[in-house]
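Participant: This is the structure I want to talk about, given as structure tokens.
Readers should treat all values here as calculations from the given coordinates under stated rules, not as data from a laboratory. Treat the numbers as computed from the prediction; the structure is a model and nothing was measured. FYI the Cβ positions are ideal-geometry reconstructions off the backbone, even for glycines, and counts take in every protein chain you see.
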Amino acid sequence: MFAWLLAVIGRPLADTPTALKALSLAHFREQPLEMGDMTTLEDIARVHTGWIIWRSDVGRWWATRRGPVDLDAIRMGCAMTLDADDPEALDAALAAQAELTAEFAADPAATG
């Protein structure tokens, strides 16, 4: 039953609960953050409050909007989710999204 799990882990597991725990943690394990990274993550989140910010287990930086995005805003280039190689690039992408969102809100034709 757990043959595929044993192949992934590379060694037999003594009991099923251990196997289930390993399975649940293997895919969703978070990469530990350095103290400097955590400050950067918190700084980005503090500036861009309408976004949820996180760093993936492979080190990419991500942001997802907290609320919905209007279809017309999407057509203007507003994104629901962004990713970047580093915190500086994510911050720049979020700043660009803030400008697009402001332009969309100021455009009477776009808001109907």
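Participant: When the C-alpha atoms of the stretch 35-106 are aligned to their principal axes, what extent does each axis show, in angstrom, from largest down?
Facilitator: 39, 21, 19
Participant: Here's another thing I want to ask about it. Suppose each label sits 7 Å from its Cα in the direction of the beta carbon; what would the Thr64-Ala106 distance come out to in nanometres?
Facilitator: A separation of 3.1 nm, rounded to one decimal place.
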